[in-house]
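Data block below; observations after.
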Amino acid sequence: MEYTHVVHTFEPVYDSNSEILILGSFPSVKSREQQFYYGHPRNRFWNVLAACYLDETPVTIEEKKQFLLRHHVALWDVIAECDIEGSSDSSIRNVVPNEIERILKVAKIKAIFANGDKAYQLFLKYCKQDGQPMVYKLPSTSPANAAYKLEKLVACWKEQLENEKVLGK
């Protein structure tokens, strides 16, 4: 596989009522094809969030947007553009970060959650600023994270969201 320079082409999801911000690293090939977050059919993101919020798993892009806003969740990626091999987070280089402050200036974000170690490391390297809410690393929902079965992912995510008192919205 060879490196391709890719630009993130779809918008973040948030409004002024968003209370948490979940950040991925960069969209997978499948997500880029669908023009929305967590589009790979084996990524467990939508199932995990639905289980945490005791809600139905959204299917369409519009349902996913409404789900996020209903539960006061903002969603974006750390990276605006980069060089990447396919969907491999470990291959990411030449990063241009997204302007995370764009969301933080509008929404009442209480906590930031990174979906996986790579998103967490990239956020700390490129986006972390004094005065921002705490950032927490959650286990990745990617199918590449085979060590975590769905039940374990849900338990970890739910515990952290409950600890930050952002569930039940």
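Can you send over the carbon and sulfur percentage of the accessible area for the range 111-165, probe radius 1.4 Å, protein chains only?
Reported share for carbon and sulfur atoms: 50 percent.
Looking at the chain, identify the longest residue range that excludes and avoids all GluC sites (Glu not before Pro) in DSSP loops having at most 10 other Cβ atoms within 10 Å.
57-169
Which three semi-axes in whole Å describe the equivalent ellipsoid of the chain, each the square root of 5 times a Cα gyration tensor eigenvalue, listed largest first?
So the equivalent ellipsoid measures 22, 19, 15 Å along its semi-axes.
Just want to confirm a number: the relative contact order over the chain, from Cα pairs under 8 angstrom separated by 6+ residues, in percent.
Computed value for the chain: 31 percent relative contact order.
Gaussian network model of the chain, Cα springs within a sub-10 Å range: biggest mean-square fluctuation belongs to which of D83, D55, D130?
D130
Can you list which of the trypsin sites (Lys or Arg not before Pro) found in the range 1-103 are DSSP loop residues with at most 13 other C-beta atoms within 10 Å?
Answer by residue number: R42.
Please report the spacing between the Cα centers of the range 64-104 and the range 119-153 in Å, no decimals.
Centre-to-centre (Cα) distance: 11 Å.
Accessible area per residue for the range 125-169 in Å², computed with a 1.4 Å probe and the full protein assembly in place, what is it?
On a per-residue basis, the range 125-169 sits at 63 Å².
State the percentage of accessible surface on the range 8-103 attributable to carbon and sulfur atoms; use a 1.4 Å probe and exclude ligands, DNA and RNA.
Answer for the range 8-103 is 47 percent, counting heavy atoms of protein chains only.
Between Rg and the Kirkwood Rh of the range 7-85, both from Cα atoms, what is the Rg to Rh ratio?
The Rg/Rh ratio comes out at 0.95.
The values are calculated or read from the model by the stated rules, or taken from the named source; none is laboratory data. Computed from a predicted model, the values in this text were never measured in an experiment. Cβ: placed from backbone, ideal geometry, glycine included. Neighbour counts: every protein chain shown. Each accessible area value is taken on the protein alone, full model and side chains, heavy atoms only, with ligands, DNA and RNA left out. Shrake-Rupley method; radii C 1.70, N 1.55, O 1.52, S 1.80 Å.
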